[in-house]
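The values are calculated or read from the model by the stated rules, or taken from the named source; none is laboratory data. Nothing here was measured: the structure is a model prediction, and the numbers come from that model. In this analysis, Cβ positions are derived from the backbone assuming ideal geometry, glycine residues included, and neighbour counts consider all displayed protein chains. Protein only, heavy atoms only, side chains kept; ligands, DNA and RNA dropped before computing areas. Shrake-Rupley method; radii C 1.70, N 1.55, O 1.52, S 1.80 Å.
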Amino acid sequence: MLKLYFCDDNKRQLEAFSDFGKKAILMKTEWDVGFAASCSSPTELLGQLPSASDTGLYFLDIDFKNDMDGFQLAKRIRDVDPRAFLVFITSHADLAPLTFRYRLEAMDFIYKDQPSKIRERIVECIEDAYTRYEAFCGSSEDYLTLKRAGGTENIRISEIISIRTSDIPHQVEICLHGEITGYYATLDSLEKELGEDFARCHRSCLVNKKQVVSVDKKKRELLMKDGSVLQCSYRNLKYFT
């Protein structure tokens, strides 16, 4: 998943920029993009960097009123998220050349003194970053190959909602959008094959984390992209938050 991060110590501007990002995501429901964090300091942002399976698009201010500027923050981000997309939103147009000195390969510079263009530029950066993300690390070409008596069947992994145990012995049910297919396998074997993008919501159900829209911690429920709701055990909530 491509995750969006915003960091600016001007809270009014931070709220506005983050809102632009959230609305862009809502307009593109087919995107595998999520809003991750809105932070008012570099330290706060560094505490919320993505896991190894995700890539971040970072919209960063440059002039923070502490001991770390936006370029130093970006360099720290690169150490953890080497595929990161970096965009600087700043009032200091003269600082753009410093990205070369830091070797940051910034995706764009957006200037705060052009407020009428900021929303459009943020949306353009998200679109561009997602196109690049899909090209080099999207999951559109990853398939689960099911071996059957009559041959093989390939299921696109990104389209799997969940996999659950079946009433038929030694069989599981693979739940897709509007379709359920049975397959002779165990959840344990499929969990190992599918990797870290999947996690158990409880003992009998394996969930595609990229298909989770929201998590209700009080009810211990996962709302999925197809509209279904899955119950999650208390101990397994940590895999989805």
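Quick grid of which residues meet (1) touching a Phe, Trp or Tyr at 6+ places or on another chain (Cβ under 8 Å); (2) touching a residue at least 24 places away in the same chain (Cβ under 8 Å); (3) assigned to a strand (DSSP E or B); (4) not hydrophobic (A, V, I, L, M, F, W, C):
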{"residue": "146", "(1), (2), (3), (4)": "yes, yes, yes, no"}
{"residue": "154", "(1), (2), (3), (4)": "yes, no, yes, yes"}
{"residue": "169", "(1), (2), (3), (4)": "no, no, no, yes"}
{"residue": "180", "(1), (2), (3), (4)": "no, no, yes, no"}
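Restricting attention to the range 6-26, the residues that are polar (S, T, N, Q) and open to solvent by 60 Å² or more (accessible area, probe 1.4 Å) total 0. With respect to residue 125, determine if the residue is at pLDDT 95 or above, in a helix (DSSP H, G or I), under 25 Å from the mean Cα position of the chain (by Cα) and surrounded by 15 or more Cβ atoms within 10 Å (Cβ to Cβ). Spelling it out, residue 125 is indeed at pLDDT 95 or above, in a helix (DSSP H, G or I), under 25 Å from the mean Cα position of the chain (by Cα) and surrounded by 15 or more Cβ atoms within 10 Å (Cβ to Cβ). Cβ-Cβ distances below 7 Å connect the following pairs, each with a first residue in the range 89-117 that is assigned to a helix (DSSP H, G or I) and open to solvent by 40 Å² or more (accessible area, probe 1.4 Å), a second residue that is hydroxyl-bearing (Ser, Thr, Tyr) and modelled with pLDDT of 65 or more, and a separation of six or more residues or different chains: 93/111.
When the range 222-241 is limited to residues that are in a strand (DSSP E or B) and touching a Leu at 6+ places or on another chain (Cβ under 7 Å), the one that is most open to solvent (accessible area, probe 1.4 Å) turns out to be 229. Once the range 30-46 is narrowed to residues that are in contact (Cβ under 8 Å) with a residue 60 or more places away in the chain and of a type outside the set (D, E, K, R), the residue that is surrounded by the fewest Cβ atoms within 10 Å (Cβ to Cβ) is 31.
Here residue 146 fulfils each of the conditions (1) touching a helix residue (DSSP H, G or I) at 6+ places or on another chain (Cβ under 8 Å); (2) open to solvent by less than 50 Å² (accessible area, probe 1.4 Å) apart from (1).
Does residue 68 meet the test of being free of Cβ contacts under 8 Å to residues at least 40 places away in the same chain and open to solvent by 70 Å² or more (accessible area, probe 1.4 Å)? So residue 68 does not fit the description; no.
So for the range 177-187 (the condition being closer than 23 Å to residue 32 by Cβ, out of contact with any helix residue (DSSP H, G or I) (no Cβ under 6 Å at 6 or more places or on another chain), surrounded by 16 or more Cβ atoms within 10 Å (Cβ to Cβ) and not basic (Lys, Arg)), does at least one residue qualify? For the range 177-187, residues closer than 23 Å to residue 32 by Cβ, out of contact with any helix residue (DSSP H, G or I) (no Cβ under 6 Å at 6 or more places or on another chain), surrounded by 16 or more Cβ atoms within 10 Å (Cβ to Cβ) and not basic (Lys, Arg): absent. For the range 13-62, the candidate set comprises residues that are of a type in the set (Asp, Glu) and touching a helix residue (DSSP H, G or I) at 6+ places or on another chain (Cβ under 7 Å); within that set, the residue that is nearest to residue 89 (Cα to Cα) is 61.
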